[in-house]
Each structure stands twice: as C-alpha cells, then as structure tokens.
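Reviewing the structure listed below.
Each reported figure results from applying straightforward, stated rules to the coordinates on display, with no laboratory input. None of the values given here were measured: they were computed from a predicted structure. Virtual Cβ from ideal backbone geometry, glycine too; neighbours counted across all protein chains shown.
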Amino acid sequence: MALNLSVGDPFPDVTVLDHDGNSTTLSELAGRRPLFLAFYRGPW
C-alpha cells in the first residue's frame, strides 16, 4: 500500500500486530496521547 504523505499530515489509522501477534490499531495504542511511530529494519 503506497501512502502519499507530506510533512505534517496525520498518519492513517492502520492495524498492526503487537509483540504477541494480536492485532490492534494505532489509535487504540495511543488513546488520546501522542504516538511516536518508528520503523527500524534491524540488523538482518
């Protein structure tokens, strides 16, 4: 899925998996608090 985002655009409320494999949305994780989302590929 390609996203056409610009600086300052809100990130879409996507469904992600937590560390136990359960699905949740970013809005559920954040509640009403700010959310920092980082993408890290790792050493592999």
Handout entry: Note, ³J(HN,Hα) from phi for segment 16-31, Karplus 6.51, -1.76, 1.60, rounded to Hz, x at Gly and Pro
Key = 10, 9, 7, 5, 9, x, 7, 7, 8, 9, 4, 5, 5, 5, 7, x
Problem - Lys, Arg +1 and Asp, Glu -1 on Cβ, resulting dipole of the chain about Cα centre, debye, nearest 20 - result: 140
Exercise for the section: Find how much the distance from residue 11 to residue 23 grows on full extension, using 0.36 nm per residue of separation minus their present alpha carbon separation; answer in nm with one decimal. Expected result: 2.6 nm
Exercise for the section: For n ≥ 4 DSSP H runs only, could you compute -39500 (n - 2.57) per run for the chain, divide by its residues and tell me the 222 nm figure to the nearest 500? Expected result: -2000 deg cm²/dmol
